[in-house]
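> Sharing a structure with you now.
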Amino acid sequence: MNVHDSEKVRGTLIQKGYQQVHAVEQAGLVLYNTCSIRDKAEQKVFCRLANFKKQKAAGKIFGVLGCVAQHKGTEIFDQAPHVSLVCGSASYNDLPALLDRVEAGEQRVEGLRLDTDDTFETPLTRRDNPYKAFITIIEGCDKHCSYCVVPFTRGPERSRSSWSVLEEAERLATQGYSEIQLLGQNVNSYCDPSATGMDFAQLLAAVGRVSGIRRVRFTTSHPRDFTPDIIEAIDDNPVLCDQVHLPVQSGSNRVLARMEREYQREEYLECIRLMKHARRDIAIGTDIIVGFPGETEEDFEQTLSLLDEIEYDSIFSFKYSPRAGTPAANYQDAIPDTEKSRRLALLQEKQRRIQLRRNSALIGREEEVLVEGRRERSGQWIGRTTQNRVLNFSAPRADLSELRGSYCRVRVTGSGPNSLVGVLVAKEAAPAFHGFRILQ
Ligand code: SAH
Ligand code: SF4
């Protein structure tokens, strides 16, 4: 989501007449987009800002955008006095006006309002990838998970109208994009503000019908709002990818209740059961937090047993990080960092073995991949399957311009925990290259 926000901010700046450069040294204006989901991410911002400090003398203007800007607010001006602008994502529509003030020489310009029903839509979005595009469909979050800073940094939930989403999808298709990823903190709560009144499953199905779009993904889903019609939509249209990311956070009902996730293990497992019974072979991913305050060994064992029960295709796992202002930051029963690290290592090792097993079961299968690039050293092409697995493959005699951006059929010949390897079976002509930077 941050990557896509940066793409939209870039478009906004280009519309205002700025040009993009590739090194801080060449820039007159440096905007630093930030994440505050965990403390480590936030610490990085201040290290990076300290490195930039000397450049203020060279007449550069510095701004901090995103969740750290929103969370720390004007404190940033005190901590990093060379910063002239702080702006959270809920105020990005104000960026052009805020930048005018900064350019006019104002020192401490802030865009920190959260009481908004705006979504950030830009006439120009400068995308990094020429084949795969993000589209934000919903911003903010109305949930109140006790560990999470997002509701404080991204404001309340605001859905974008379905016509605007579909118009963007159609425009992207005519520009040569073939894969779309719908974005939101909780895409399942999507609620079309226009008269069409679509819900998420209807919007997903409608984007899947846009001519020229061959793949649609979405992230991220909340188990509480995950409905069977999403799976029906996937079953009905092969354009909707065989992949669902459904963050569980913990396998223990006691921890889930303290996290205020609004579901129990059994309800979550019911969503998984629906996916596993779909006609399509849906790859399932999740997010897990270990070491939440009060998480006992038994609670943790329940998370491990959930991995065995579900056999996820991929997980993102994190040590709990206390965030100021969230209810869990005041919980007294913190888990020591060494113990969090031990649990994280155990969890990741279990998952590594599961992925090894699941990936090796794919050997011999033929997969369609979107070709994303080529590894310079090995000469192998990098493809991605509908299940979002990386499939590196060899394709004798094909050169770079022939495959990038095209869809190929590849036979899987080997596997590791995080990727597959294979050989090209058949290729399609690549769409005409239409500008912007090619992925390395
Ligand atoms: N809206 C998404 C999550 C966005 S944040 C959802 O509800 O699923 C992405 C992930 O970061 C979360 O799923 C969670 O696993 C992790 N996360 C959020 N806050 C955290 C914290 N305080 N400490 C550790 N991990 C956290
Ligand atoms: Fe954070 Fe929960 Fe909202 Fe996800 S649903 S962004 S974890 S508050």
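The values are calculated or read from the model by the stated rules, or taken from the named source; none is laboratory data. As the structure is a prediction and not an experimental result, all values here were calculated from the model. Glycine gets a Cβ as well: all are built from the backbone with ideal geometry, and neighbour counts include every protein chain shown. For the accessible areas, the whole protein counts, side chains as well, though only heavy atoms, and no ligand, DNA or RNA atoms are used. Shrake-Rupley method; radii C 1.70, N 1.55, O 1.52, S 1.80 Å.
> How many residues are of a type outside the set (S, T, N, Q) and open to solvent by 50 Å² or more (accessible area, probe 1.4 Å) if we restrict to the range 290-310? So that I can check it myself, show each step before the final result.
So in the range 290-310, the residues of a type outside the set (S, T, N, Q) come out as 290-295, 297-301, 304, 306-310.
Among the residues that remain, those that are also open to solvent by 50 Å² or more (accessible area, probe 1.4 Å) are: 297-298, 301, 308-309.
Residues meeting the conditions: 5.
> Right, another one. Which of the residues spanning the range 317-333 are in contact with a Gly (Cβ under 8 Å, 6 or more places away or on another chain) and more than 7 Å from ligand 1 (Cβ to nearest atom)?
In the first step, residues of the range 317-333 are kept if they are in contact with a Gly (Cβ under 8 Å, 6 or more places away or on another chain); the result is 319-320, 331, 333.
Of everything in the range 317-333, those that are in contact with a Gly (Cβ under 8 Å, 6 or more places away or on another chain) and more than 7 Å from ligand 1 (Cβ to nearest atom) turn out to be Tyr331, Asp333.
> Just one of the numbered conditions (1) touching a Phe, Trp or Tyr at 6+ places or on another chain (Cβ under 9 Å); (2) within 21 Å of Cys145 (Cα to Cα) is not true of Leu269; which one?
(1)
> Another question, then. Could we say that Asp287 is farther than 30 Å from Val425 by Cβ, open to solvent by 70 Å² or more (accessible area, probe 1.4 Å) and in contact (Cβ under 8 Å) with a residue 40 or more places away in the chain here?
Working: farther than 30 Å from Val425 by Cβ: yes; open to solvent by 70 Å² or more (accessible area, probe 1.4 Å): no; in contact (Cβ under 8 Å) with a residue 40 or more places away in the chain: yes.
No: the conditions fail for Asp287.
> Another question about this same structure. Scan the range 34-54 for residues that are open to solvent by 40 Å² or more (accessible area, probe 1.4 Å) and either of a type in the set (Gly, Ala, Ser) or in contact (Cβ under 8 Å) with a residue 12 or more places away in the chain (or both) and report the count. Even if it seems obvious, please write down each step before you answer.
Taking the range 34-54 first, the residues open to solvent by 40 Å² or more (accessible area, probe 1.4 Å) are 35, 37-40, 43-44, 47-48, 50-51, 53-54.
Pick out the ones that are also either of a type in the set (Gly, Ala, Ser) or in contact (Cβ under 8 Å) with a residue 12 or more places away in the chain (or both) and you get 35, 37-40, 48, 50, 53.
Going through the range 34-54 one residue at a time, the tally reaches 8.
> Another question, then. Can you find a residue in the range 265-283 that is open to solvent by 10 Å² or more (accessible area, probe 1.4 Å) and within 14 Å of ligand 2 (Cβ to nearest atom)?
Within the range 265-283 (the criterion being open to solvent by 10 Å² or more (accessible area, probe 1.4 Å) and within 14 Å of ligand 2 (Cβ to nearest atom)), the answer is no, since none of the residues qualifies.
> Might you check whether a residue that is touching a Pro at 6+ places or on another chain (Cβ under 8 Å), within 16 Å of ligand 1 (Cβ to nearest atom) and among the polar types (S, T, N, Q) occurs anywhere in the range 122-139?
no
> Also, quick follow-up: I'd like to check which strands (runs of 3 or more DSSP E) are fully inside the range 124-238 and have at least 2 residues that are farther than 26 Å from Gln70 by Cα, in contact with a Leu (Cβ under 7 Å, 6 or more places away or on another chain) and away from ligand 2 (no atom under 16 Å from the Cβ). Reasoning before the result, please.
Working: elements: 132-136, 179-183, 215-219.
Counting at least 2 such residues, we get 179-183, 215-219.
> Here's something else I'd like to know. Somewhere in the range 142-158, is a residue among the hydroxyl-bearing types (Ser, Thr, Tyr), more than 20 Å from His245 (Cβ to Cβ), open to solvent by 20 Å² or more (accessible area, probe 1.4 Å) and modelled with pLDDT of 95 or more?
We begin by selecting, within the range 142-158, every residue among the hydroxyl-bearing types (Ser, Thr, Tyr); these are 146-147, 153.
Now restrict to residues that are more than 20 Å from His245 (Cβ to Cβ): 146, 153.
In the following step, the residues that additionally are open to solvent by 20 Å² or more (accessible area, probe 1.4 Å) were identified as none.
Checked against the condition, which is being among the hydroxyl-bearing types (Ser, Thr, Tyr), more than 20 Å from His245 (Cβ to Cβ), open to solvent by 20 Å² or more (accessible area, probe 1.4 Å) and modelled with pLDDT of 95 or more, the range 142-158 yields no hits at all.
> Here's something else I'd like to know. Is it the case, given these coordinates, that Arg254 is without any contact (Cβ under 8 Å) to a residue 24 or more places away in the chain, more than 22 Å from the chain's Cα centre (by Cα), more than 17 Å from Gln351 (Cα to Cα) and away from ligand 1 (no atom under 15 Å from the Cβ)? Show your work before the answer.
On the way: without any contact (Cβ under 8 Å) to a residue 24 or more places away in the chain: no; more than 22 Å from the chain's Cα centre (by Cα): yes; more than 17 Å from Gln351 (Cα to Cα): yes; away from ligand 1 (no atom under 15 Å from the Cβ): yes.
Here the answer is no, as Arg254 does not meet what is asked.
> When only residues in the range 1-25 that are open to solvent by 60 Å² or more (accessible area, probe 1.4 Å) and modelled with pLDDT under 90 count, which is nearest to the chain's Cα centre (by Cα)?
So, considering only residues that are open to solvent by 60 Å² or more (accessible area, probe 1.4 Å) and modelled with pLDDT under 90, the one nearest to the chain's Cα centre (by Cα) is His22.
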